[in-house]
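Q: A single structure is presented below for examination.
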Amino acid sequence: MMKVGITGGIGSGKTTVCKFFELLGIPVFYADTAGKELMLSDLDVKKAVVNLFGEAAYFPDASLNRKYIADIVFKDSQKLDALNAIIHPAVKNAFLLWSEEQKAPYVLKEAALLFESKSYLDNDYNILVSSPVALRIQRVMARDQTSREKVLERIEKQLPEEEKEKLADFFILNNEELHLIPQVLKLHQQLMLLAQQK
């Protein structure tokens, strides 16, 4: 099974691009969603999260106290690294098990921190969805009903675009000028060929 990573900075439109691949019959593993699910369903992960953040990390009904955790990791990068060290290996394992069950020529792993977490190294190829910063800010402000400052804070926490470009094998430009669908179709054909050769 050929594994292809797909990422992009916040507001780049990577989820939209993934939806197009799904329409073409390509299964997509959403790493961030899987991470959140594992924090609720995986007992080892839950135990490690409680050890790191205390009992307040979960509400009495066993749901995750996201705001409490977010407030801590936003101010403490060591705690964020420690949380990632719990989540990323669990997500990696979940992705491997999931990809073994798929029947398509290749699968996509969508992850916001694909390059930052080094999980791109486990893939055969990696795609970067890029977008001009001004457009990304505009999209996230509208989507999350948040301020420009808050969006910029989140952008600054991600690897710079130039660094991601060095690590990616393929690019999709989502600038609202170039059409997305022809770019996705062309890339899909390239990936299908590569999957056949694998």
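The values are calculated or read from the model by the stated rules, or taken from the named source; none is laboratory data. The model shown is predicted, which means the values in this text are computed figures rather than measured ones. Neighbour counts run over all protein chains shown; Cβ positions are idealised from the backbone, glycine included. Just the protein is used for accessible areas: all its heavy atoms, side chains included, with ligands, DNA and RNA removed. Shrake-Rupley method; radii C 1.70, N 1.55, O 1.52, S 1.80 Å.
Q: For Leu173, which of the numbered conditions (1) touching a strand residue (DSSP E or B) at 6+ places or on another chain (Cβ under 9 Å); (2) open to solvent by less than 30 Å² (accessible area, probe 1.4 Å) fails to hold?
A: (2)
Q: Follow-up. Collect the residues in the range 165-184 that are in a helix (DSSP H, G or I) and closer than 15 Å to Val4 by Cα, keeping them in residue-number order.
A: Leu167, Val184
Q: Shifting gears a bit: What are the residue pairs meeting all of these: first residue in the range 1-15, first residue under 18 Å from Leu193 (Cα atoms) and assigned to a loop (DSSP other than H, G, I, E, B), second residue hydroxyl-bearing (Ser, Thr, Tyr) and open to solvent by less than 10 Å² (accessible area, probe 1.4 Å), Cβ atoms under 9 Å, and 6 or more apart or on different chains?
A: Listed pairs, sorted by first residue: Met1/Ser99; Met1/Tyr106.
Q: Quick one: in the range 158-168, which of the residues that are surrounded by 15 or more Cβ atoms within 10 Å (Cβ to Cβ) and charged (D, E, K, R) is farthest from Ser12 (Cα to Cα)?
A: Of everything passing the filter in the range 158-168, Lys164 is farthest from Ser12 (Cα to Cα).
Q: Now a separate question. Take the residues of the range 16-37 that are assigned to a helix (DSSP H, G or I) and of a type in the set (Val, Ile, Thr): which is surrounded by the most Cβ atoms within 10 Å (Cβ to Cβ)?
A: Taking the candidates together, the pick is Val17.
Q: Now, a different point. Let me confirm something: among Val107, Val91, Val73, which residue is in contact with a Gly (Cβ under 6 Å, 6 or more places away or on another chain) and of a type in the set (A, V, I, L, M, F, W, C)?
A: Result: Val91 is the single residue among Val107, Val91, Val73 that is in contact with a Gly (Cβ under 6 Å, 6 or more places away or on another chain) and of a type in the set (A, V, I, L, M, F, W, C).
Q: In the set Leu180, Leu185, which member is modelled with pLDDT under 95 and within 18 Å of Lys19 (Cβ to Cβ)?
A: Exactly one residue qualifies, and that residue is Leu180.
Q: Ok, one more. Could you name every one of the helices (runs of 4 or more DSSP H) located completely within the range 38-150 that has at least 1 residues being open to solvent by less than 70 Å² (accessible area, probe 1.4 Å) and within 20 Å of Ile10 (Cβ to Cβ)?
A: 66-75, 77-101, 133-144
Q: Another one. Here are Glu165, Glu153, Glu177: which of them is on the phi < 0 side of the Ramachandran plot and in contact with a Ser or Thr (Cβ under 8 Å, 6 or more places away or on another chain)?
A: Glu165
Q: Report every pair of residues separated by at least 6 positions or lying on different chains whose Cβ atoms are under 6 Å apart, first residue within the range 59-74 and over 12 Å from Lys36 (Cβ atoms), second polar (S, T, N, Q) and surrounded by 11 or more Cβ atoms within 10 Å (Cβ to Cβ).
A: Partner pairs satisfying both residue conditions: Phe59/Asn65.
Q: On to the next question. Is there any pair linking a residue in the range 87-99 that is farther than 21 Å from Asn51 by Cα to one that is exposed (fewer than 14 other Cβ atoms within 10 Å of the Cβ), with Cβ under 6 Å and at least six apart or on different chains, and which?
A: Listed pairs, sorted by first residue: none to list.
Q: Let me ask something else about it. How many residues does the range 122-143 contain that are within 16 Å of the chain's Cα centre (by Cα) and over 13 Å from Leu173 (Cβ atoms)?
A: 5
Q: List every residue pair whose Cβ atoms lie under 8 Å apart, where the two residues are 6 or more positions apart in sequence or sit on different chains, the first residue falls within the range 101-120 and is modelled with pLDDT of 95 or more, and the second residue, located anywhere, is open to solvent by less than 40 Å² (accessible area, probe 1.4 Å) and aromatic (Phe, Trp, Tyr).
A: Hits for this filter: Val107/Phe29; Leu108/Phe21; Leu108/Phe29; Lys109/Phe29; Lys109/Phe95; Glu110/Phe29.
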